[in-house]
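Structure first, commentary second.
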Amino acid sequence: MAATRPGYKTLFNKALKIGRPPNVVKLFPNSKALIVSGKVIDRAMLAKGKAMSIAANGRNQFVIRGALRAAQRAKAALIIEIAKSEGGASAYCATNYWNMARMVDAFCNEMEITIPVAVHADHYGIKGEKDIEQARHEIPSMFDAGLTSIAIDASHMPDDRNLLASIALNRYVPKWAGLETEVGEIKGKAGLSTVEEALFLIRGLNAHDIFPDWIALNNGTTHGIEASDAGIQVELTAEIHRALSRYKVSGAQHGTSGNSSRRLRKIAGETLTTKANVATALQMISWGVEVNDYGNAILDEDGRFRKVSGKGMSDEMWAEMVEYADSKGLKKGDYKKLNLPFENKLMGQPPEVKERMVRDVEDFIYHMLTKVFNARGTARPALEAILDAGSYDLGPKGSRIEDPAEWTEAKIREKAGTINSDKGPAGDFDD
């Protein structure tokens with residue numbers, strides 16, 4: 001007689017006892033929220049196959065609530081994240097690296113969320129030695145605040161310095177935590193990543209016993225509002241992932257807002273991507289800005305956002321926001337900077353207005369999880385990964401292949417000099 005498959009609630013309660021990392025247990029000793037390492041989310045997507053978790057960028061509380069509710073409906077493993085430019089020391093959002101885990105934990109308990117959630121520091125940007133020195137104490141402070149995953153993004157620098165900075169800072173990231181690395185800033189069609197650059201970064205990390213869960217590429221997309229349908233180059237992404245396959249690193253897709261559902265399905269189905277960042281679309285939807293079916297804002301004949309009456313924030317609040325933006329000279333790509341000054345104003349709206357802001361985000365993310373990212377039902381394999389490991393620490397997917405003697409600092413600089421690299425134009429490509 002076949003053994004009865006354990007019920008989801010039974011698995012969840014077992015995973016809750018062992019699946020929360022020590023920083024999370026210390027902060028929230030009596031919590032019923034299953035905040036997990038980013039590794040758990042990656043493994044769940046791999047277990048299902050051809051699936052991507054949404055990494056929902058929590059620029060405001062409405063997005064975080066909506067994402068949690070959507071993932072609960074879809075029984076999907078989830079990532080909540082914020083980038084350094086949005087939630088670092090010079091944040092333009094009220095959500096930041098130091099309060100995000102507390103928000104996620106509180107909302108999960110309040111709404112009785114029973115899916116695993118990773119809390120990710122996205123685009124922790126390193127642009128020079130000053131950033132490296134700051135990171136030596138800032139990264140530990142972020143994990144002290146409950147983060148469970150991080151993207152060390154030194155892609156702003158040349159290949160050798162990117163690799164060396166990533167090696168130097170790895171000691172400050174807990175071994176159990178999710179780890180993302182990046183090659184090539186996200187600049188659209190300029191400075192596209194190459195197989196050679198990606199292999200250089202991953203091979204060098206491997207030689208130093210660093211095994212990232214994800215690698216992010218510049219594969220043709222941008223952050224923010226897409227002006228065209230150029231978007232993600234699926235074939236380039238698949239080619240790079242194939243070249244990296246022996247190192248067992250998954251892909252992280254940045255800049256999904258504005259890319260069609262068709263292209264995002266191809267990324268899930270034809271590449272090794274398990275993490276897909278969505279930011280601008282969720283912000284716009286929570287505000288009530290008119291978007292197309294994949295979250296790209298629709299502009300009027302004057303190139304301004306079109307607010308849908310009865311959606312998102314109140315029409316009066318939107319008028320105040322637009323007036324403020326005009327007074328500050330903020331163009332459409334800078335509306336993200338309205339998050340911080342308007343967070344408390346938005347929280348002071350009537351309950352029914354705040355609920356529709358959350359609900360619209362929930363419905364959009366639920367559609368993405370179930371109809372585009374193929375993530376429905378991935379909460380269960382995430383729980384099973386924890387229970388199979390018997391721990392919050394799933395360990396690395398890969399093992400050392402490269403010879404450390406071939407990846408000393410001197411040899412790293414020598415190898416980097418042979419790479420034919422086009423990083424594209426300089427500019428602000430942080431999030």
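A short reminder: the numbers here are calculations on the coordinates, not readings from a lab. All figures in this text were calculated on a predicted structure; none of them were measured in a lab. Using ideal geometry, Cβ is built from the backbone for each residue, glycine included, and neighbour counts are taken over all protein chains shown.
Which Cα, out of 106, 333, 412, lies furthest along the positive dipole direction of the chain (beta carbon charges, K/R +1, D/E -1)?
Positive-end residue among those listed: 106.
Estimate the FRET efficiency between residue 418 and residue 18 by the formula 1/(1 + (r/R0)^6), using the beta-carbon distance for r and 56 Å for R0, to the nearest 0.05. Walk me through the intermediate numbers first.
Details: r = 46 Å, r/R0 = 0.83.
Between residue 418 and residue 18 the formula returns 0.75.
Can you run phi through the Karplus equation (6.51, -1.76, 1.60; θ = phi - 60°) for the range 353-361 and list ³J(HN,Hα) in whole Hz, with x for Gly and Pro?
After applying 6.51 cos²θ - 1.76 cosθ + 1.60, I find 6, 4, 5, 5, 4, 5, 4, 5, 5 Hz.
Quick one: which residues, 5 or more positions from residue 178 or on another chain, have an amide H under 5 Å from its amide H? H modelled 1.01 Å from N in the peptide plane, none for Pro or chain starts.
38, 39, 149, 150
Starting with the highest mean, order 347-359, 163-175 by the number of other Cβ atoms within 10 Å, averaged over the residues of each peptide.
The peptides rank, most packed first, as 163-175, 347-359.
Which of 366, 335, 247 moves most in a GNM of the chain, Cα contacts under 10 Å?
Ranking 366, 335, 247 by mean-square fluctuation puts 335 first.
For the chain, what does the relative contact order come out to in percent, with C-alpha contacts under 8 Å and a separation of six or more?
Values: 893 pairs, mean separation 104.0, N = 431.
Relative contact order for the chain comes out at 24 percent.
Return the long-range amide H neighbours of residue 291 (sequence gap of 5 or more, or a different chain), with a cut-off of under 5 Å between placed amide H atoms.
298
At what distance in angstrom do the alpha carbon centres of the range 346-382 and the range 121-180 lie from each other?
A separation of 30 Å, based on Cα centres.
Grab the range 41-184 and count how many Lys pairs have their alpha-carbon atoms under 18 Å apart, sequence gap of 8 or more, or different chains.
Summing the qualifying lysine pairs gives 4.
Candidates [x] 33; [y] 40; [z] 29; which is the computed percent of Cα pairs over 33 Å apart?
[z]
How high is the relative contact order of the range 308-431, in percent, counting Cα pairs under 8 Å that sit 6 or more residues apart?
Once divided by the residue count of the range 308-431, the mean separation gives 20 percent.
Counting other beta carbons within 10 Å of each Cβ, put 215, 54 in order, fewest first.
Fewest-to-most ranking of 215, 54: 215, 54.
Once amide H atoms are placed 1.01 Å from N in the peptide plane, what residues at a sequence separation of 5 or more from residue 118, or on another chain, have their amide H within under 5 Å of its amide H?
Correct list: 36, 78, 79, 80.
What percent antiparallel are the DSSP beta bridges of the chain, to the nearest 5?
10
Would you list which lysines come within 18 Å of residue 415, measuring only between C-alpha atoms, while excluding same-chain residues fewer than 8 positions from it?
The reachable lysines, counting only those whose Cα sits under 18 Å from residue 415, are 423.
In terms of Cα to Cα distance under 20 Å, which lysines are near enough to residue 307, apart from those fewer than 8 places away along the same chain?
In chain and number order, the partners are 328, 331, 332, 336, 337, 345, 354.
If neighbour count is taken as other Cβ atoms inside 10 Å, put 155, 90, 391 in order from fewest to most.
90, 391, 155
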